[in-house]
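Right, one structure below, let's go through it.
The values are calculated or read from the model by the stated rules, or taken from the named source; none is laboratory data. What you are looking at is a predicted structure, and each value in this text was computed from that prediction instead of being measured. Every residue, glycine as well, gets a Cβ built from its backbone with ideal geometry; the counts of neighbours run over all protein chains shown.
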Amino acid sequence: MDKVRSDRPRLIVLDVSLGTESGLELCRALKSDPATREIRIMLLSAHGQQADIAAGMAAGADRYMLKPFSPRDLLAAAAELMT
């Protein structure tokens, strides 16, 4: 979080499953912090049930992408979020 606050990226791409930490929790923390809430967040996941997508959007994600996806699709989604 300190690195994100100091670097202020415009976009963060997170996997929902980050090992010991949940991408959903990190997304929620970033979106609830006034210093980072404007950062666009794209969540990536192999979990595509409606409840999974709803949970990602409720956590504050600006976009939820299902795996697998092509690099071209990922770049297009990132470009869309950056405009």
Query - Count of residues meeting criterion [surrounded by 11 or more Cβ atoms within 10 Å (Cβ to Cβ) and not small (Gly, Ala, Ser)] in the range 45-58 - result: 4
**Report entry** Residue that is modelled with the highest pLDDT [pool: residues in the range 6-27 that are among the acidic types (Asp, Glu) and farther than 23 Å from GLU80 by Cα]
**Finding:** GLU25
Query raised in the report: Is at least one residue of the range 32-44 in contact with a His (Cβ under 9 Å, 6 or more places away or on another chain) and surrounded by 14 or more Cβ atoms within 10 Å (Cβ to Cβ)?
Result: no
Report summary line: If we keep only residues of the range 59-81 that are closer than 17 Å to SER17 by Cβ and small (Gly, Ala, Ser), then the residue surrounded by the most Cβ atoms within 10 Å (Cβ to Cβ) is ALA61
